[in-house]
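Enquirer: Here you go, one structure.
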Amino acid sequence: MCMNIRKLITGVSLAVIGLTLLTACPGTEDPKEDQQGGVVAPPPGPTHSLGGKIFSIPSPVEFSLLLKKSGAKYNAAILNKESKIDQYTTKYAWALNLGVYGADLGYTSIYDHSDDAMKYMKNVNKLLDKLGLMDAFDKVTLDRIKKNIDNKDSLLQLVSSTYRDCDHYLKNNKMEDVGALIVAGGWLESIYLAVNTVGKTPHKDVLKRIAEQKLSVDNLLEMIGMHTSDDDIMLLFTKLSEIKEQYDKVTFKYTFVKPETDNANKITSIKSITEPQISDEVYKSISEKITSLRNSIVQN
Amino acid sequence: MKKLFITALITGFSAISFNAKAQMCDTIADFAGKFFTSAFISDGQSYRALLVDDQTAEFQTTFFGGTQYRISAVSGFSENALVFRVLDEQSNEIFNSAQHSNTPYWDFKVASTLEVTIEAQLDQTYTKTGCAVILIGFKQ
């Protein structure tokens, strides 16, 4: 039973995280991008971007996996308290905190803390409902997920296909602003968990993971920047810009190494090295700004 | 009234044509998804483009160090109609599916985080036009 619950949590968690990721899909301002099917019409030039404007932001699940691999220990005390959900009363707060609770759900699931994960799953469901996003999951899909709860392979395949349904739902219902806020909340919580798990003297691997988020900040700002006609989102944009200013001081040294390909197993090992350079001062500033913004979102 | 009717008719045909294309891409995306085993978690997006002749579609993404990724790339319902290349930030070619019989999927084991560009082009011996779909997943 415990195993089943864990699988259920993982499945739902992936669906939620998928939902947050899906909102990081082609932007609406690109004239080539349609609003129904995500199909890009051929442009006049020989080259164009695939899927319109792509915002590549790592999912909280992926970031939690990276964090765990880096050796960071589980710390439930830093998660957003589940009891706070009743404090959130606006669409803006619901969307951002859906991202936050979704990241917490991913974090607890990756670290195999099923009891904690159950609490966050409930909050995620409540906020999905408040935002009207439950409609993205049709009854047939939900039934199939329930039936396949013991079959991890089928479940993950189902969850993957559900991602696309959510993508279309958000686009068709003109909810890109909500989507952008969910992604922002999820990303901020992920980085917040990282900086507060490791404290003032982070392990070099964790520090590296935080530094590598430089590109994600750029993408996040671009996505949030599309919706700044809303005053609350404009304020969030300003705060994120301050974080970007610090990230601009992070540098990377890239060294190309010839990759090795294993034809039999259809796998290429990429051996190039990227070394991020981040000073203690910049790390401290990023940590403080991330923590401050995250705390204002969860209303600490 | 006649003008209005013609406009409505054209709009209707365009919508039907568009929906048919979108549906076709949805079906191709499902086909591309068949190359994902349960070991891989989708990044949640399906990258799509309608390509004609020698057009190239491209996009940038980040591969994080210590992670194994799978790229699945197809056009139409042939497994080999799309050629895809993966390039690093200095445009060094990391992978070219044309050198592997236009394989519809390939895995990438990443030692250190890097930015990559993925380019996709139709193999015109198979088709001159089609919906190209690329999916990315990471291993648990």
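What follows draws every value from the coordinates through simple rules; no lab data is involved. Predicted model only: the values in this text are computed from it and were never measured. Methodologically, a virtual Cβ is constructed for each residue, glycine included, from the backbone with ideal geometry; neighbour enumeration extends over all protein chains shown.
Enquirer: For A:PHE256 paired with A:HIS203, estimate the spin-label separation in nm (one decimal), with each label point 7 Å from Cα along the Cα-to-Cβ line.
Expert: About 3.3 nm, to one decimal.
Enquirer: Around B:VAL86, what is the net charge, scoring Lys/Arg as +1 and Asp/Glu as -1 over all other residues with Cβ under 9 Å from its Cβ? Each step should come with its number before you reach the end.
Expert: Values: positive: B:ARG85; negative: B:ASP88, B:GLU93, B:GLU119.
Its environment carries a net charge of -2.
Enquirer: Under the definition of partner shielding as Cβ atoms of other protein chains within 10 Å of a residue Cβ, what is the mean value for peptide B:62-71?
Expert: Neighbouring Cβ atoms belonging to other protein chains average 5 per residue here.
Enquirer: Using a 10 Å cut-off around each Cβ of peptide B:51-60, what is the average number of partner chain Cβ atoms that fall inside?
Expert: The shielding value for this peptide is 5.
Enquirer: Which stretch or stretches of the stretch A:207-244 have amide N atoms under 18 Å from the point lying 7 Å from A:ASN75's Cα along the Cα→Cβ direction?
Expert: Backbone N within reach: A:207-211.
Enquirer: If you count, for each residue, the other Cβ atoms within 10 Å and average over each peptide, how do B:96-108, A:224-236 line up from highest to lowest?
Expert: B:96-108, A:224-236
Enquirer: How would you rank A:LYS119, A:LYS266, going from fewest to most other Cβ atoms within 10 Å of each one's own Cβ?
Expert: Values: A:LYS119 19, A:LYS266 13.
Going from least to most buried by this count: A:LYS266, A:LYS119.
Enquirer: Please report the relative contact order for the stretch B:32-140, taking Cα pairs under 8 Å with a sequence separation of at least 6, and give it as a percent rounded to a whole number.
Expert: Details: 265 pairs, mean separation 50.2, N = 109.
Computed over the stretch B:32-140, the figure is 46 percent.
Enquirer: Taking square-rooted eigenvalues a ≥ b ≥ c of the alpha carbon gyration tensor, is the stretch B:43-140 rounded, prolate or oblate, where a/c under 1.5 means rounded and, failing that, a/b exceeding b/c means prolate?
Expert: It comes out prolate by the Cα gyration axes.
Enquirer: Shifting gears a bit: If one puts a single equal scatterer on every Cα of the stretch A:186-246 and applies the Debye formula without solvent, what log₁₀ I(q)/I(0) results at q = 0.15, 0.30 Å⁻¹?
Expert: Once normalised to I(0) and log-transformed, intensities are -0.50, -1.27.
Enquirer: Which pairs in the list A:LYS73/A:LYS119; A:LYS266/B:LYS34; A:LYS68/A:LYS249; A:LYS91/A:LYS244; A:LYS204/A:LYS253 are over 18 Å apart, alpha-carbon to alpha-carbon? Mind dumping the intermediate values first?
Expert: Details: A:LYS73/A:LYS119 20 Å; A:LYS266/B:LYS34 16 Å; A:LYS68/A:LYS249 26 Å; A:LYS91/A:LYS244 25 Å; A:LYS204/A:LYS253 16 Å.
Among A:LYS73/A:LYS119; A:LYS266/B:LYS34; A:LYS68/A:LYS249; A:LYS91/A:LYS244; A:LYS204/A:LYS253, the Cα-Cα distance tops 18 Å for A:LYS73/A:LYS119; A:LYS68/A:LYS249; A:LYS91/A:LYS244.
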